[in-house]
Amino acid sequence: MAISIRPFEKTDAAWAAGVMQRCFDAGEILYKPLSADDMLSRFFGDGRYAFVAEADGVPAGFAQASALTSFLPGQTHENTPLFLTLVLVDAPYRNQGAGTALVERMKQLTTEIGKKRLSVSGSNPLHLEWFIPGANGHDHNNAPGVHEDGAGYAFLMGRGLRDYHHEVAMYIDLSTYQWNPELDEHVKALEAEGITTGVWQVGMGEEFDGMCDRVGSEYWRNVLKKEIAAWHTGEPNDDPEHWPDGRRPEGPRPILTAVKDGKIIGFTGPVDKQKSGRGWFTGICTDPEWGGRGIATVLFNRLMQAFVEEGAAFTSLFTGTENHAQKVYLRAGLRPAAKWAIMIWDAE
């Protein structure tokens, strides 16, 4: 059987959506199936690439990849990867070289467009929603890599991609969340050190560069800059990267902070809710200079309280498998739900 690769055309969308649906129905992927319209809106545009593998002229499988088109400080087109989103082959055409040919085409594309790395990670600008196992249809808004229990993990490993990092997804049904009274003692201990935790308000302090420098996160620096600016102007964060469901917020959103002497030394949020009922936030961060005091524990539990007040039904997150922050999440009632691998291929 002859395998050939061609560009994904708009007329392929309905067929490709059918392939994805069949893979999902067979229990082979966790991704929420995309409709043909979804594929048309997500697969085409600046920084978007997709290909179809044909077996003797018949569509057999497809792959999609994306590149960043806007960059944080320190990022460039050249030093950021091409992100492999998915590779799917219809069942009748497997084990005949279609999937391998698609991966090889993506490797070739990586160098063609001036990239040095192909990556599968949550930094992909094309976010694929996935269903959380054992969570009654609840979903997460972005896949953090390759699901380790799925066939794709071994497949990509066998095509030259390697493990870079491992993540664990965690989940909680918020109807089960309860504030632990022992947290009150943590709050008092922080207050005794002059550390205030809670919803940030104008005038509490806006210096966060030191924390972001020490954590090494331009992403969180950007989040704080835009969310704090929103509270000054009364207008919502204008960066679509920070909008759940691609929905522009109606106004400034709560952010939860730990503040000491006018400096932000910890934060989480912003507090938002997706259409699915998921409590949405960008992450949680504590300044390393102020670690070991339970700041993250207090802020994360305040976040759970805020989600409950917002009417969120559940929340989910992913974190490094070796990250000690897992203890914070476990104590708050979250459970591990799925393991994911960030994978890379480096061009020579």
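The values are calculated or read from the model by the stated rules, or taken from the named source; none is laboratory data. Note that the coordinates shown come from a computational prediction; the quantities given were computed from them, not determined experimentally. Don't worry about glycine lacking a Cβ; one is built from the backbone with ideal geometry, like all the others, and counts go over all protein chains shown. What goes into the accessible areas is simple: the full protein's heavy atoms, side chains included, and nothing from ligands, DNA or RNA. Shrake-Rupley method; radii C 1.70, N 1.55, O 1.52, S 1.80 Å.
Laid out as a table, the results:
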item: Max mean-square fluctuation residue, GNM over the chain, Cα-Cα springs under 10 Å, options 70, 119, 35; result: 70
item: Per residue, in Å², the accessible surface of the stretch 62-164 once ligands and nucleic acids are set aside, probe 1.4 Å; result: 42
item: Scattering curve values for the stretch 125-170, log₁₀ I(q)/I(0), Debye with Cα scatterers, q = 0.17, 0.23, 0.25, 0.31 Å⁻¹; result: -0.58, -0.95, -1.05, -1.22
item: Sparsely packed chymotrypsin sites (Phe, Trp or Tyr not before Pro) within the stretch 157-229, loop by DSSP, other Cβ within 10 Å at most 16; result: 179
item: Length added when fully stretched, residue 289-residue 166, from 0.36 nm per residue minus Cα-Cα; result: 41.7 nm
item: Rg [Å, one decimal], Dmax [Å, integer] - the chain, C-alpha atoms; result: 21.5, 73
item: Distance histogram in 5 Å bins (all Cα pairs of the stretch 16-168, percent per bin); result: 2, 9, 18, 23, 22, 16, 8, 3, 1, 0
item: The stretch 170-315: translational diffusion in µm²/s, Stokes-Einstein, Kirkwood Rh over Cα pairs, 20 °C, 1.002 mPa s; result: 138
item: Across 10/32; 188/260; 116/327; 107/275; 115/226; 263/339, pairs whose alpha-carbon gap is larger than 24 Å; result: 116/327; 107/275; 115/226; 263/339
item: Coil-residue trypsin sites (Lys or Arg not before Pro) of the stretch 224-324, DSSP, other Cβ within 10 Å capped at 14; result: 247, 275
item: Top of 335, 162, 94 by mean-square fluctuation, Gaussian network on the chain, Cα under 10 Å; result: 94
item: Relative counts (whole %) of C-alpha pair distances in the stretch 1-77, using bins that are 5 Å wide; result: 3, 15, 21, 21, 17, 12, 7, 4, 1, 0
item: Student exercise, the chain dipole from Lys, Arg, Asp, Glu Cβ charges, in Debye to nearest 20; result: 420
item: Listed residues 230, 169, 332, most fluctuating in the chain (Gaussian network, C-alpha, under 10 Å); result: 230
